[in-house]
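Colleague: Dropping a structure here in C-alpha cells format, bear with me for questions.
Just so you know, all these numbers are worked out from the coordinates, no wet-lab data involved. Being a predicted model, the structure only gives us computed values, none of them experimental. Neighbour counts run over all protein chains shown; Cβ positions are idealised from the backbone, glycine included.
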Amino acid sequence: MIDSTLIFLVLLPASISDLMYYKVPNFILLNGLVLSFLLRVIGDKGYFFSWLIGGLVPFLLCFILYLIGVFGASDVKLFSVVGSFYSLKTGMMVIVVSLFVGAAFSAVKMFQMKNARQRFIYLYNYLIRLAAEKKIIAYEKDESGMIPFAVCIFAAVLLMIIYKETGRR
C-alpha cells in the first residue's frame, strides 16, 4: 500500500505539470527514482536487481519510441520510474494500458478539436514516407496532435492498482 501512496505522490504532480506545460520537470522524476530506490532496495532489503531491471528495460524500450517521436522524454523517464516502483512485469503492463488510455484520450481530443481527418491524413502520409524511405524517421508533431501522456500513465497505474487490489492477479 505504501508503494501506491508514494507513486501517487510522483504521478500527480507529473500529470499536473504535463497538463499545464507538456513537460514534467526532472526533479519530480528524480524524486520518484529516489523514493522507489528507498522503498525497493533499502526498505525491502535486496531488491536492487529487480529495481534496476524494472526501471531500465521500460526506459530502453520506450527510448526507441522516443527517437521516432511517439513519446516525449518525460514519458520515457516516467515509465522508468513506474517500473522501478513495481516490477518489470507491472511496468510493461502499465506501458500497454497507458497506450490504450492514450488512444482514448487522443480520440476525445480529436473529437473536441474536430481534426480527426487531418490527424489521420498526417499519419497516413507519415506511413507512406516511412515505407518510401525504408528507414525510421521522426514523427513530427504539432501541439494539435499532442496529449499530456503523463496523465495516461497515471491512469494506467491507477487501473493497475485497482486491478491488483480487487484480487485479480
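Colleague: Sorting T166, T90 on the 10 Å Cβ count, fewest up front, what's the list?
Modeller: So the ranking, lowest neighbour count to highest, is T166, T90.
Colleague: Considering the values (1) -0.56, -0.66, -1.22; (2) -0.48, -0.57, -1.13; (3) -0.44, -0.53, -1.28, which represents log10 I(q)/I(0) by the Debye sum over Cα atoms at q = 0.11, 0.12, 0.18 Å⁻¹ as calculated for the structure under consideration?
Modeller: The value computed from this structure is option (2).
Colleague: Could you name the aspartates and glutamates in cross-link range of K164, using Cα to Cα under 18 Å and dropping any fewer than eight places away on the same chain?
Modeller: K164 reaches D3.
Colleague: Same structure again: Between I121 and I64, what FRET efficiency follows from the Cβ-Cβ distance if R0 is 22 Å, with the result rounded to 0.05?
Modeller: 0.30
Colleague: To test your reading of the geometry: what angle, between 0 and 90 degrees and rounded to tens, separates the Cα axis of helix 116-133 from the longest principal axis of the chain?
Modeller: With both axes taken from Cα atoms, the answer is about 90 degrees.
Colleague: Pairing the Cα long axis of helix 88-113 with the longest principal axis of the chain, what angle in degrees results, from 0 to 90 and rounded to the nearest 10?
Modeller: Its long axis makes an angle of about 40 degrees.
Colleague: Given the peptides 7-15, 119-127, arrange them by the average over their residues of other C-beta atoms within 10 Å, most packed first.
Modeller: 7-15, 119-127
Colleague: Step through the table entries K114/K141; K77/K141; K89/K109; K23/K109; K109/K141; K23/K89, compare each Cα-Cα distance with 24 Å, and write down the pairs that go over it.
Modeller: Pairs exceeding 24 Å: K89/K109; K23/K89.
Colleague: Now for a separate question. For segment 8-72 and segment 100-158, what is the centre-to-centre distance using only Cα atoms, to the nearest Å?
Modeller: 22
Colleague: Taking loop as defined by DSSP and a crowding limit of 10 other beta carbons within 10 Å, which trypsin sites (Lys or Arg not before Pro) in segment 2-75 fit?
Modeller: Hits after loop and neighbour filter: K45.
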